[in-house]
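Let me begin by presenting the structure, written as structure tokens, before commenting on it.
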Amino acid sequence: MFLSVFDVFKIGIGPSSSHTMGPMTAAGHFLDLLRRCPARGRAAAVGATLYGSLAFTGKGHATDRAVTLGLLGWTPAEFDFDAAERQFEALGRSHLLHLEGLPPLAFDPATDIVFDYGPPLPGHANGLVLSARDSTGAVVLSETYYSIGGGFVVTAQEREAPPSATEAASWPYPFANAATMLRMAQESGLSIAEMKRANEIHLQPPEEVERGLARLWSVMNGCIERGLNQDGELPGGLRVRRRAARIHRQLIAERQANRSQPHAAADWLSVYAMAVNEENAAGGRVVTSPTNGAAGVVPAVLRYYLDHCIGAEPEKITDFLLTAAAIGGLIKHNASISGAEAGCQGEVGSAAAMAAAGFCGVLGGSPAQIENAAEIALEHHLGMTCDPAAGLVQVPCIERNGIGAIKAVAAASLALRGDGSHFMPLDNCIEAMRQTGEAMNERFKETSLGGLAVNLPEC
């Protein structure tokens, strides 16, 4: 099993990796497929149908807009808001897509994107079908995609019969579970970050790995800074006000006046996380960590380490990210990071485990202590539902990232007080999360049909 740090952490846009980045990516893949289709010259129109959670919360997550932007040729990592907005407005007037290698394609987002509120597709709760038709309405090409969390997209065929994995022996440290990871660390004498780095440079030169990691942190930290300096309401109709900037100003004033309470450390963690997720809710640039809905936890804990911890070393940023990615890869491989598949335990729970591992590592934790930290953080998110109000990544998502960051730091601190030995192995906790997600009622997995989403105040 090998999942690159650049797969776990992907630069993209808000508000959702599953509902925004995934569908945008799927639309781009479909265009590439259509370009390779022998009958592409007959194509005259394109359309999309959204199923399951993509249908129920697609409006709140801007899934229809994401599909449109993908069909306009945009990818999450290269998105330019101003240029895309101009193309979006031009499409609204012409209802035609003009794409390289394809004939003009009729497409009206208002009518050619269908929200199907019936049963979900069999492969995953987040399904969509993209199709191209000729001038008579006959289907020229159709493909089913599943957005499986964290911006990852697979076709129906790939979901049913995953492509053969690269031989495990080809990677220096091919750990597919935490037990193997710990054994390899003990045998090699390397840290988890060092093993992860060795796997990464098996794919690309060391300088590219370091440059990519530096860019990830630059985008994460830039997102924190933007969130700490923005006021006003978030889009979507709930009239949720941004709070991170105001709380940040309060914390600075208290510190300058020497009036900070001991528990202000938790407030700093929360404000960093909330800043990211307010930016995500506004459709800003974020890094999946491992998803958009949980994008604030890892950056918040890393920023807390750099700005608030005694002896913090900026050179350890890469170790933090590599360690966190190693844990995120294990969770994705053995369970899920998708809210639609596992609930929020798969998103914020996974993010907290990743952040706890990274934090423990840069504070000098052993591989066993790091594994313990990740387990503690994940264990205390088990059973958490994903029930966003109005399908928006705002309530309870923004605050939940703050609490997840606090749990991550507490988990790492607790693990560092021990020697790494503990009762519940991380692998077993990951399996418990998978089983809990499977047993969770579908209403509580990103549909906004249960829980907090249907218990809103009347005023």
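The values are calculated or read from the model by the stated rules, or taken from the named source; none is laboratory data. Computed from a predicted model, the values in this text were never measured in an experiment. Note that each Cβ is placed from the backbone with ideal geometry, even for glycine, and that neighbours are counted across all protein chains shown. All accessible areas refer to the heavy atoms of the entire protein, side chains included, with ligands and DNA or RNA removed. Shrake-Rupley method; radii C 1.70, N 1.55, O 1.52, S 1.80 Å.
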> Projected onto the charge dipole of the range 265-408 (+1 at Lys/Arg Cβ, -1 at Asp/Glu Cβ, origin at the Cα centre), which of Val287, Val298, Gly365 gives the Cα projection farthest towards the positive end?
Replying inline: Val287
> Leaving out ligands, DNA and RNA, what percent of the accessible area of the range 49-117 is carbon and sulfur, probe 1.4 Å?
Replying inline: 54
> Taking a probe of 1.4 Å, how large is the accessible area per residue of the range 310-459, in Å²?
Replying inline: 37
>> Output wanted: per-residue J couplings in Hz (rounded whole) for the range 258-265, from phi through Karplus 6.51 cos²θ - 1.76 cosθ + 1.60, θ = phi - 60°, x for Gly and Pro.
In response: 6, 10, 6, 7, x, 7, 4, 4
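I'd like to check one number: the per residue accessible area of the range 160-255, probe 1.4 Å, reported in Å² as a whole number. Walk me through the numbers before you get to the answer.
On the way: 5450 Å² over 96 residues.
Accessible surface, normalised per residue, equals 57 Å².
Calculate what fraction, in whole %, of the accessible area of the range 212-301 sits on carbon and sulfur atoms when a 1.4 Å probe is rolled over the protein chains. Please report the intermediate quantities before stating the final value.
Working: 1670 of 3670 Å².
With neighbouring chains kept in place, the figure for the range 212-301 is 46 percent.
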> By how many degrees, 0 to 90 and rounded to 10, does the Cα axis of helix 244-256 deviate from the longest principal axis of the chain?
Replying inline: 20
> Which lysines, on any chain, are close to Lys196 with Cα under 21 Å apart, when same-chain ones fewer than 8 places away are left out?
Replying inline: Lys10, Lys316, Lys332
> Alpha carbon centre of the range 206-274 versus the range 285-333: separation in Å?
Replying inline: 14
> Between Leu96 and residues 5 or more places away or on another chain, which pairs have amide H atoms under 5 Å apart, with H built 1.01 Å from N, and which residues are they?
Replying inline: Phe107
> Amide H to amide H under 5 Å from Ala45: which residues, 5+ apart in sequence or cross-chain, H placed 1.01 Å off N in plane?
Replying inline: Ala106, Arg133
> From the phi of every residue in the range 195-201, what ³J(HN,Hα) in whole Hz does the Karplus formula 6.51 cos²θ - 1.76 cosθ + 1.60 yield, where θ is phi - 60° and glycine or proline is x?
Replying inline: 5, 5, 5, 4, 5, 5, 6
> Full extension from Glu442 to Leu456: what is 0.36 nm times the residue separation minus their Cα-Cα distance, to one decimal in nm?
Replying inline: 3.1 nm
>> As I understand it, the value is the acute angle between the Cα axis of helix 426-439 and the longest principal axis of the Cα atoms of the chain; what does it come to in degrees, rounded to 10?
In response: 40
> Got a number for the accessible area of Asp108? Probe 1.4 Å, square angstrom, nearest 10.
Replying inline: 40
> For Val286, which sequence-distant residues (separation of 5 or more, or a different chain) have an amide H within less than 5 Å of its own amide H, given hydrogens modelled in the peptide plane?
Replying inline: Gly12, Ile13, Gly14
>> Can you compute the modelled spin-label distance between Leu203 and Thr155, with each label point 7 Å from Cα toward Cβ, in nm?
In response: 2.2
>> I'm a student and want to see the number: the projected area of the Cα convex hull of the range 17-126, averaged over all directions, in nm².
In response: 7.1
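Could you provide, to the nearest whole Å², the per residue accessible area of the range 23-65 with probe 1.4 Å? Walk me through the numbers before you get to the answer.
Details: 1460 Å² over 43 residues.
Computed with neighbouring chains in place, this is 34 Å² per residue.
Residue separation times 0.36 nm, minus the C-alpha to C-alpha distance between Ala83 and Met424: what's the value? Mind showing how you got there, number by number?
Working: separation 341, 0.36 × 341 = 122.76 nm, distance 5.05 nm.
Full extension of this stretch gives 117.7 nm more.
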>> How far apart, in nanometres, would the label points at Leu382 and Arg241 be if each is projected 7 angstrom from Cα along the Cα-to-Cβ direction?
In response: 4.0
> Longest span of the chain, sites excluded, free of GluC sites (Glu not before Pro) in DSSP loop with at most 12 other C-beta atoms within 10 Å?
Replying inline: 168-457
> P(r) for the range 305-390: what percent of alpha-carbon pairs falls in each 10 Å bin, starting at zero?
Replying inline: 20, 44, 26, 10, 0
> Using a ≥ b ≥ c from the Cα gyration tensor of the range 225-338 (square roots of the eigenvalues), is it rounded, prolate or oblate, where a/c under 1.5 gives rounded and otherwise the larger of a/b and b/c decides, a/b for prolate?
Replying inline: oblate
> Roughly how many percent of the accessible protein surface of the range 309-459 is carbon and sulfur, given a 1.4 Å probe and a whole-percent answer?
Replying inline: 57
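Determine the shape class of the range 32-91: with a ≥ b ≥ c the square roots of the Cα gyration tensor eigenvalues, call it rounded for a/c under 1.5, and otherwise prolate if a/b is greater than b/c, oblate otherwise.
oblate
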> Using 7 Å Cα-to-Cβ label points, what is the His308/His95 separation (nm, one decimal)?
Replying inline: 5.4
> Going by alpha carbons, how many degrees (0 to 90, nearest 10) lie between the helix axis of 297-308 and the longest principal axis of the chain?
Replying inline: 40
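Shape call for the range 89-215 from the C-alpha gyration tensor, a ≥ b ≥ c root eigenvalues: rounded (a/c under 1.5), prolate (a/b greater than b/c) or oblate? Don't skip to the end; give the middle numbers.
Numbers: a/c = 3.11, a/b = 2.15, b/c = 1.45.
In terms of gyration-tensor shape, prolate.
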>> Restricting to Cα atoms and excluding each atom paired with itself, what does the Kirkwood estimate give for the chain in Å?
In response: 22.4
